[in-house]
Every structure is written in C-alpha cells, then in structure tokens.
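The structure appears right after this line, and notes come after that.
The values are calculated or read from the model by the stated rules, or taken from the named source; none is laboratory data. Note that the structure is a prediction, hence the values are computed from the model and not measured. FYI the Cβ positions are ideal-geometry reconstructions off the backbone, even for glycines, and counts take in every protein chain you see. SASA here: full protein model, heavy atoms, side chains in, ligands and nucleic acids out. Shrake-Rupley method; radii C 1.70, N 1.55, O 1.52, S 1.80 Å.
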Amino acid sequence: MRVATIASHLLVAASMLALAGSASAAEIKVFISGGFSAAYDTLVPQFEHATGHKVVTERGPSMGETPQAIPNRLARGESADVVILVGYALDNLIKKDLVVANSRADLAWSPIAMAVKAGAPKPDISTVDAFRRALLAAKSIAYSDSASGEYLSTTLFRRIGVYDEIKDKAHKIPAEPVAKVVARGEAEIGFQPVSELRPFKGADIVGPIPDELQIVNVFAAGVARSAKQPEAGKALIAFLVSPAAKPAIEASGMLFADEKK
C-alpha cells in the first residue's frame, strides 16, 4: 500500500479517536495471546501517538493450564483493561462475566500452518494424503497449548487416523511459540497459526494445512470486566478494527476481520 494511502488511514483513525485523545492520557493494560501479536506490536505505537495513551502489554496463551494463560489470570483476580485472544476463548470469558459482552470485536483471521527449521526440507502437505504422510514420517511434532494445538491434538489427528501412530512423538508446547522450538531443532515440524510462526527467522513456513482440514481462527478483543480504564480500552479496540490497522494485519499473514467471508 502506498505511503499516502497509509497516511490517510491513520488520519481517519486519529479522527475516530479524537474524543479519546482529548481526555487525559490513560495507561491501558492489555493481556494478549500470540496470534495477533505481530500486528499488535506494529499498531500499538501508532495508537499511542494518535491518542497520548500508554499501552502496557502482558502476554500469555488463550487457554491451557499454565499460570500465564489469560483465562487463568483473570479467574484469579488479575485486572486488565483489554484482552485479545482467540475468539472462542474470549466467548468463554464473556460467559463467565470476565469480559463485557457488548465490547467484543473481531480483529483478524489466521489459518493454521506448518513450520520446519530454517533450511530444512519442506514436506509436501498440499493434500490430505500428503499431509498424513508428512505427519507419519516426521521424527517429532510440536503444537501449541492454545486453540490451534487443541484442535490438532483432540480432533484433526484422530480425524485423519494418525493419532495412535504419532501420539508419542507429538508434544504440546506450553507458553512458548512453537516456531522457537522448531528453530532450536527440538521438533522436526511444528504447527501454529501462520501469524505466530512468521516472526521467527529460525523457522521456515511450509504452508497452511490442507483446506479440508483447516480451521481459520478468529482473534478478537474485548474490555475486561475488571478494567480500570474501560473507555480508553474501547478506544484501543476501535483503532485495531479501523482501516489503519489493515496493512499491519495483512503483513503479519492474517486477514482483516471485515474482509473474511
């Protein structure tokens, strides 16, 4: 996208946030999972510049048993203004009254992809049969402890009939990007949404898993019930769904939520 177009989008977003910027600057605490992080890290400085607010970011998975998992942090009484995580995990937080229901906003969509160590041969995963052969041939497999890993380990591996053959070499990676594990050579292949794999140079993305097996995760944001700065939190979410956010979202390998059909 040309610089002039990006600048115009930023001006639109700044106009949208004028009311928020006219108020005294706030410190906004955000809990965010890995899936939206690459785009978020680009967009937060733009938001801070447009509004004068300061964003404090704390990271953890969308689900799982680790203490860092966002639902676990909220459940034990930790406060946040905004939470950003996979959509159905956010819906669960809304059901538990930990996130304000009418604050929910879809941000972006990301398919599950496979990665190998940088420079390693890339297996063929273009069809379901080829993907199945790649799983069986791999010496070790890594998947996340968040939404994509939950789907792979509980549904997909069983669906294509490889669960029993690979269960002893397939491992859940708690509270760490799968791409880092693959880059260190601790797993031959790894799976996570493409937006979570892309930032790490030590791993090469093979490509998305076959369409017939794919689930495209939505990443969404909401205002936490415990928010100390709910209005500033709403302004941040408004910025993340504005046209100004689209270039960063697409550069991270995700699809801007308004364009997902």
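Numbers at a glance
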{"item": "Residue match in segment 147-154 (condition: in a strand (DSSP E or B) and either among the β-branched types (Val, Ile, Thr) or open to solvent by 30 Å² or more (accessible area, probe 1.4 Å) (or both))", "result": "no"}
{"item": "Lone unmet requirement of (1) in contact (Cβ under 8 Å) with a residue 60 or more places away in the chain; (2) basic (Lys, Arg); (3) touching a Ser or Thr at 6+ places or on another chain (Cβ under 6 Å) for residue 169", "result": "(1)"}
{"item": "Residues located in segment 114-144, provided they are open to solvent by 20 Å² or more (accessible area, probe 1.4 Å) and either of a type in the set (Asp, Glu) or touching a residue at least 60 places away in the same chain (Cβ under 8 Å) (or both)", "result": "117, 118, 119, 120, 122, 123, 124, 126, 127, 128, 129"}
{"item": "Strands (runs of 3 or more DSSP E) (entirely within segment 36-121) containing at least 2 residues that are farther than 18 Å from residue 221 by Cα", "result": "105-117"}
{"item": "Which listed residue is touching a Lys or Arg at 6+ places or on another chain (Cβ under 6 Å) and open to solvent by 20 Å² or more (accessible area, probe 1.4 Å), from 218, 206", "result": "206"}
{"item": "Residue 194 vs. criteria under 18 Å from the mean Cα position of the chain (by Cα), touching a residue at least 40 places away in the same chain (Cβ under 8 Å) and open to solvent by 10 Å² or more (accessible area, probe 1.4 Å)", "result": "yes"}
{"item": "Qualifying residue in segment 163-179 (condition: within 16 Å of residue 214 (Cα to Cα), out of contact with any Asp or Glu (no Cβ under 6 Å at 6 or more places or on another chain) and open to solvent by less than 10 Å² (accessible area, probe 1.4 Å))", "result": "no"}
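This table checks each residue for (1) among the β-branched types (Val, Ile, Thr); (2) in contact with a Cys (Cβ under 7 Å, 6 or more places away or on another chain); (3) at pLDDT 95 or above; (4) more than 16 Å from residue 181 (Cβ to Cβ).
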site	(1), (2), (3), (4)
121	no, no, yes, yes
128	yes, no, yes, yes
135	no, no, yes, yes
139	no, no, yes, no
144	no, no, no, no
149	no, no, no, no
167	no, no, yes, yes
